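Okay, structure first, notes after.
The values are calculated or read from the model by the stated rules, or taken from the named source; none is laboratory data. Computed from a predicted structure; not experimentally measured. Counting neighbours? That spans all protein chains shown, and the Cβs are built from the backbone with ideal geometry, glycine included. Ligands, DNA and RNA are stripped out before the accessible areas are found, and what is left, the full protein with its side chains, is counted by its heavy atoms. Shrake-Rupley method; radii C 1.70, N 1.55, O 1.52, S 1.80 Å.
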Amino acid sequence: MFAILTAAKRAAPVAASSVRALTRVSAVRTYSSRILPTAAGASGGHSKLTVSSDTCRELQTSATLHSIIPYKLADIGEGITECEIIQWYVKPGDKVSQFDKICEVASDKATVEITSRYDGVIRKLHYQDNDIALVGKPIVDIEIDNPGMTGAEPAADSVAVPTSNPAQALPNNDAATEPTVVLADSVPKNFAVDRTSDVVYATPAVRRVARENNVDLHYVAGSGKGGRVLKEDVLRFVELQKSSTVPNVTVQEPNTADQPFVQANASSTAPGISLSSASAVITGEDQLVSLSPIQRAMFKSMTDSLAIPHFRFKDEIELDVLMQARQRINKYLAEQSGELTKMTYMPFFVKAASLALTKYPILNARVVAEAGTPPKLQFRASHNIGVAMDTPGGLIVPNIKNVQTKSLMDIATELGALAQRGRSGAIGSADLRGGTFTLSNVGMIGGTYLSPVLVDSEVCIGAVGKVQRLPRFETVEIDSRPVERVVPRHILVTSWSADHRVVDGATMARFAVLYKQLLEYPEIMLANMK
């Protein structure tokens, strides 16, 4: 009997817990049946169980497990405090996963993609295309599931990933306040239907060209890889709009549908129609646009340069001997199977500058002037020579690191790689950082005598003009007597600017004379290479 009572006592708690479990199950079933009755209940086959309201209050839905996270723009380095929004890859309501691309931003130094750290749903975009986003401020709100499980914080920082595939933002075409003259039937084919997504891929430079010409890139056929819109595509599109023969002209009233259109300008008169007989005058409109990231950086650096007194020096260099040496080098490269098949003049210019800097290191130095302390000179061991590049997005100055340790072929290979990244808008901050000396080859575009402007982190800058074939006097001996005659020579003009606060004119002149000697006699350059 004692054993039976003991067993009954031990079984009582188990039975009680089982009853509570059954009660909870019944409560859940009853709660569910109140919302969505089962098929049997709907047909009257089963009666509903009743539970107290206290039991129902213990039930919770998953809605309270959601949280909206303000996603901040992270610091992408180099002291950058703001970026321009180039392209949004998402819109409110889109679902994103970790490492999915959210948007693309451009600074004055690089273009990067912002990726997500969470799985969730986009609820709000804090900026529009072409807006300036501040580092440390939210750019997007993401609703995530169960923040306690993901370890989310109240404000998350975005993740910046370097990219070589900059995407193009769509222009913001606001409604005109006055009637705008538009060519009839000028709305082109919408090439967006031929693309796999609504994203138009183009570099920031192409976007700027399109915005300046009032072109919506959705209407431009991209000839680049994967349908990428190139600068040539935009310019070709503009020329086609200018040269199109249109029989009539219509006036578009303001506040009409937000259909993109190409506005004609004064130079777009149809061929065959004289200006005096035109029935309508087609004019453009003044525009107020923000500076691009590169232009803002240029504005700041050139404003600071006004405080630097410039000493300028110009000289002529004969390149005939160097041209012959280059021809022989290119012939040798053409016979090889390497990646480098041709060498331009720029590697010679860069290497000659490095050799001259070895003898005159002050021109590779930097002025350190801090408030409250006397100014100093920082002599820098590395010759990081910047090469000014005219890219579609504007002027940038990437530099070749440690030129003093590189051969001509090394320099030529690195210059080619920089030029390729510059054309595709993929110049990174590492390419722009740490320059000690600058050369600008403006002669590729035109111009002979130049006046380059210093930046405050350097004390010397050089610029080379175009090569010209000019007559020069030459003294030769004929019948043992000197005779002067006129001969053709290939002449290059170099222009130098130095910080006259620390560099005197004699030092600048000696440097320029040595630079000239190294280029006019390439064997001397060869003898000084290590």
**Item:** Cα centroid separation, the stretch 433-494 to the stretch 291-336 (Å)
**Value:** 11 Å
**Prompt:** Using only the Cα atoms of the stretch 428-517, what do you get for the radius of gyration and for Dmax, in Å?
**Reply:** 18.1, 63
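Please find the FRET efficiency linking Arg485 to Ser97, where r is the Cβ-Cβ separation and R0 is fixed at 60 Å, and quote it to the nearest 0.05. Could you put the intermediate results ahead of the total?
On the way: r = 77 Å, r/R0 = 1.29.
The formula returns an efficiency of 0.20 here.
So if each residue of separation counts as 0.36 nm, and I subtract the Cα-Cα distance between Thr475 and Lys314, what length gain in nm does that give? Write down the numbers at each step before the final one.
Details: separation 161, 0.36 × 161 = 57.96 nm, distance 2.45 nm.
Here the answer is 55.5 nm.
For Leu134 and Val502 in one chain, what is 0.36 nm times their gap in residues minus the Cα-Cα distance, to one decimal in nm?
On the way: separation 368, 0.36 × 368 = 132.48 nm, distance 3.77 nm.
Result: 128.7 nm gained on full extension.
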**Prompt:** What is the stretch 271-421's relative contact order, in percent, from Cα pairs under 8 angstrom and six or more apart in sequence?
**Reply:** 18 percent
**Asked** In Å, the Kirkwood hydrodynamic radius of the stretch 357-461 over pairs of distinct alpha carbons?
**Response** 15.0 Å
**Prompt:** Under a 1.4 Å probe, what is the accessible area of the stretch 292-356 per residue, stated in Å²?
**Reply:** 56 Å²
**Fill in**
Probe 1.4 Å, heavy atoms of protein chains only: per residue, the accessible area of the stretch 392-448 in Å² is 42 Å²
